[in-house]
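Q: The structure is given below, and queries will be raised subsequently.
The values are calculated or read from the model by the stated rules, or taken from the named source; none is laboratory data. Quantities reported herein were computed from a predicted structural model and do not represent experimental measurements. Counting neighbours? That spans all protein chains shown, and the Cβs are built from the backbone with ideal geometry, glycine included.
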Amino acid sequence: MLDILVRAGSFVFIILLGYGLKRIGFFKEADFTLLSRITIRITLSAAIICNLASVQIEPSLLSLALLGIGGGILYIALGILTNLGKDKERKAFDLLNLTGYNIGCFTMPFAQSFLGPMGVLTCSLFDMGNSVICLGGAVSIASMVKSGSGFSWKRILRSLLSSAPFICYLVMLFLNMVGLRLPEPVVSCAQMISNANAFMAMLTIGVGFKLGGEISQIGRLGKLLVIRYTLAAALALVYYFVLPFPLEVRQALAILAFSPIGSAMPGFTGEMGGDVGLSSALNSISILISIVIIMAVLSVML
């Protein structure tokens with residue numbers, strides 16, 4: 001228990017460090033974009049390569065990608081069903097900002113530190129499905145709801161093929177399935193870079209943390225968070241107690257269910273002309289809530 005609190009506390013300290021450095025001017029608002037690119041395209045991609053290079057993926061575990069897609073679809077459905085009769089803009093905002101999981105920059109470092117190779121593998125396979133929702137699926141549906149335009153498979157495909165982590169997932173999955181391995185020097189280099197992933201991910205969260213939106217929106221923000229974490233709790237219970245996976249996989253799925261809202265959602269909200277301040281506040285508060293819940297869940301499971 002003490003070890004879990006110390007390591008989780010280290011994550012919180014790094015987030016506070018990033019936020020504090022931004023407040024004193026060491027980091028600027030624009031630096032978040034650069035740090036996010038380094039984390040997602042370099043350190044996270046390296047973590048995917050070295051972790052998937054060291055395990056044999058059982059075909060039955062590929063269904064974890066479907067769980068990642070399924071969770072996103074459930075949140076999209078809730079965003080629509082809880083806004084029946086409301087205006088299209090509100091419905092589009094809610095379904096977009098309830099959706100997706102911030103796994104690469106948030107949950108993956110927890111898995112690396114607490115759950116070992118099988119936990120990281122579970123996060124990676126789950127995130128493959130989650131990427132379909134976060135990197136194009138949710139915003140395509142939200143745009144369709146708001147404007148009445150058609151669903152865009154091309155947009156989803158274009159987003160996925162421009163995502164370095166998703167490409168790494170596909171390449172490593174293919175190599176694993178056909179029994180090929182990367183050369184040891186490549187894996188060693190990836191390991192060195194991936195060692196920085198937890199630090200970079202938490203620092204980036206701290207630099208990007210901000211609260212915005214109107215005070216009058218507190219009720220709406222609270223409603224969305226209650227919906228989000230109520231479903232998360234239900235999914236975590238099903239993942240841990242019902243699904244027929246090994247214990248290590250079920251432990252990883254339990255914390256994955258409590259991942260924060262997808263980090264790309266404020267950007268997509270701005271792209272659609274929505275309330276970016278409210279979206280950023282929702283995203284940031286979900287990070288704080290997820291830290292507390294995941295620490296509690298880990299202390300119970302481990």
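Q: Select from the stretch 1-50 the residues that are among the basic types (K, R) and in contact with a Lys or Arg (Cβ under 8 Å, 6 or more places away or on another chain) and write down the one among them that is nearest to M295 (Cα to Cα).
A: From the stretch 1-50, those among the basic types (K, R) are 7, 22-23, 28, 37, 41; that's our starting set.
From what's left, in contact with a Lys or Arg (Cβ under 8 Å, 6 or more places away or on another chain): 22, 28.
Details: K22: 25, K28: 30 Å.
Across the stretch 1-50, the extreme among qualifying residues is K22.
Q: Does the stretch 91-113 contain any residue that is free of Cβ contacts under 8 Å to residues at least 60 places away in the same chain and basic (K, R)? Steps first, answer last, please.
A: Just the residues of the stretch 91-113 that are free of Cβ contacts under 8 Å to residues at least 60 places away in the same chain, to begin with: 91, 95.
The next check asks that each one be basic (K, R); those that pass are 91.
Yes, that holds for at least one residue.
Q: For the stretch 194-302, which fully contained helices (runs of 4 or more DSSP H) count at least 3 residues that are more than 26 Å from S143 (Cβ to Cβ)?
A: Result: 197-208, 218-241, 247-257, 276-301.
Q: Need the failing condition index for M128 against (1) more than 17 Å from A46 (Cα to Cα); (2) touching a Phe, Trp or Tyr at 6+ places or on another chain (Cβ under 9 Å), just the number.
A: All conditions are met except number (1).
Q: If you don't mind, there's one more thing I want to ask. Just to confirm my filter: which helices (runs of 4 or more DSSP H) fall fully inside the stretch 10-105 and include at least 1 residues that are hydroxyl-bearing (S, T, Y), under 18 Å from the mean Cα position of the chain (by Cα) and surrounded by 14 or more Cβ atoms within 10 Å (Cβ to Cβ)?
A: Qualifying helices (runs of 4 or more DSSP H): 31-37, 44-53, 63-81.
Q: Next question, about the same structure. Collect the residues in the stretch 242-298 that are among the polar types (S, T, N, Q), closer than 16 Å to K210 by Cα and more than 13 Å from the chain's Cα centre (by Cα), keeping them in residue-number order.
A: Selection gives T269, S279, S280.
Q: Only one of (1) modelled with pLDDT of 90 or more; (2) aliphatic (A, V, I, L, M); (3) within 24 Å of G273 (Cβ to Cβ) is not met by L66, so which one is it?
A: L66 satisfies all of (1) modelled with pLDDT of 90 or more; (2) aliphatic (A, V, I, L, M); (3) within 24 Å of G273 (Cβ to Cβ) except (3).
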